[in-house]
Amino acid sequence: MKDKEAIRYVSKKLVDITFVGRGIDKGKEDIHREGMFLTPALLRNSIIGGLEIKRRWGSGENMIIIGCACYGTAIPLLNFFHLLVQLNIDYSILNKEYCCGAPLIYKQIWDGEPRDEADKAAKEFTGLNIKLAKEQDCKRVVYFCIWCAYIAKRFNEDSPIELLYFPDFLKPYLDKVSLSYNAKVGYFGGVPHRKPVLFPEESWEFDWEMYRGLLNEVKGLNVVDITRKNCCQIEDKAIWKFMEEEGLKTLVTPCITGYGRLSRRAPKGIKVMFLTDLFLKALIQK
């Protein structure tokens, strides 16, 4: 899938709104100053502070990169950190975290421009997060957002510390505990249609089958798989139709951007859960 085919899975309206007339140079300048692209750092820190998420817990050997996913998805973010504490996992978060650069890439593609400048910026900003984590003696960087994870791994193959998407990071810890949650849920693994935009020349993929397999370890949980051919960006109606036909009232997804979109569009009576929301409930109820 080429950039111009894949980019339809990124909202042009969202790109226009978030840039509000800014060009790439101004976008980079704002990221250098604020860290975040979409909003001032003050808002990010206010969200984290309002959720009472500690900036460091335990030895802090695992640096958690939150990304702009915290905007509009506060409940999964809070539950994720609660899960880390329940599993006795050390973590740190950065006082100033840098945007992964995805908005810059989307902008240049939508404008029909070469993406070299945006790619260079994405490499710089994701590299800064890794550099800061290394300086704090962290052993690895863990990404809460799938697109932050894709971009970081694409541009930092020579990273001095390990880079992990959150389910890969959590698996060894979840394997050591008992999980129990009596419910019937629909599982939507997401469709990584944006990957050809952010990661066009590489063939590797995250281990989506393993992420789905983690639910098989939850006692009492009945999981109905929803086809991954439907993208929640452009075909969410097909997802809701499937849920209705199967009599499902709860949908679980491991993609935070998908969670945000689906939770806002969910029909009345349908609950959307992030993957770690379910693990937290299953762990507490053991």
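The values are calculated or read from the model by the stated rules, or taken from the named source; none is laboratory data. As the structure is a prediction and not an experimental result, all values here were calculated from the model. Cβ: placed from backbone, ideal geometry, glycine included. Neighbour counts: every protein chain shown.
Evaluation of Pro167 against the conditions (1) modelled with pLDDT of 95 or more; (2) assigned to a loop (DSSP other than H, G, I, E, B) shows that the sole unmet condition is (2). In the condition set (1) crowded, with 22+ Cβ neighbours inside 10 Å; (2) at pLDDT 80 or above; (3) of a type outside the set (D, E, K, R), Cys70 is compliant with all but (2).
In a helix (DSSP H, G or I) and not aromatic (Phe, Trp, Tyr): is that true of Pro172 in this structure? For Pro172, the condition - in a helix (DSSP H, G or I) and not aromatic (Phe, Trp, Tyr) - is met.
Restricting Lys281, Lys237, Lys271, Lys249 to those that are among the basic types (Lys, Arg), at pLDDT 90 or above, surrounded by fewer than 19 Cβ atoms within 10 Å (Cβ to Cβ) and farther than 14 Å from Leu221 by Cα reduces the list to Lys271.
Taking the listed residues Asn95, Asn79, Asn156, the one that is touching an Asp or Glu at 6+ places or on another chain (Cβ under 7 Å) and of a type outside the set (A, V, I, L, M) is Asn79, with no other qualifying. For the structure I just gave you, tell me whether Cys148 is in a loop (DSSP other than H, G, I, E, B) and within 20 Å of the chain's Cα centre (by Cα). No; evaluated as a whole, the condition is false for this residue. Looking across segment 89-139 at every residue that is small (Gly, Ala, Ser) and surrounded by fewer than 19 Cβ atoms within 10 Å (Cβ to Cβ), the one that is nearest to the chain's Cα centre (by Cα) is identified as Gly127. If you check Tyr98 against the conditions, is it touching a residue at least 60 places away in the same chain (Cβ under 8 Å), closer than 29 Å to Pro172 by Cα and either aromatic (Phe, Trp, Tyr) or assigned to a helix (DSSP H, G or I) (or both)? Judged against the criteria, Tyr98 is a match. When Arg22, Arg44 are checked against the criterion of being out of contact with any strand residue (DSSP E or B) (no Cβ under 7 Å at 6 or more places or on another chain) and surrounded by 20 or more Cβ atoms within 10 Å (Cβ to Cβ), a single residue qualifies: Arg44. Once segment 155-164 is narrowed to residues that are among the aliphatic types (A, V, I, L, M) and outside any loop (DSSP other than H, G, I, E, B), the residue that is surrounded by the fewest Cβ atoms within 10 Å (Cβ to Cβ) is Leu164. A search for C-beta distances below 6 Å between a residue of segment 33-46 that is under 11 Å from Gly67 (Cα atoms) and any residue that is β-branched (Val, Ile, Thr) and part of a helix (DSSP H, G or I), counting only pairs 6+ apart in sequence or on different chains, returns Phe37/Ile31; Leu38/Thr18. When segment 58-88 is filtered for residues that are within 16 Å of the chain's Cα centre (by Cα), touching a residue at least 40 places away in the same chain (Cβ under 8 Å) and either not assigned by TED's automatic domain parsing to the domain that holds Asn156 or not in a helix (DSSP H, G or I) (or both), the ones remaining, listed by number, are Met63, Ile64, Ile65, Ile66, Gly72, Thr73.
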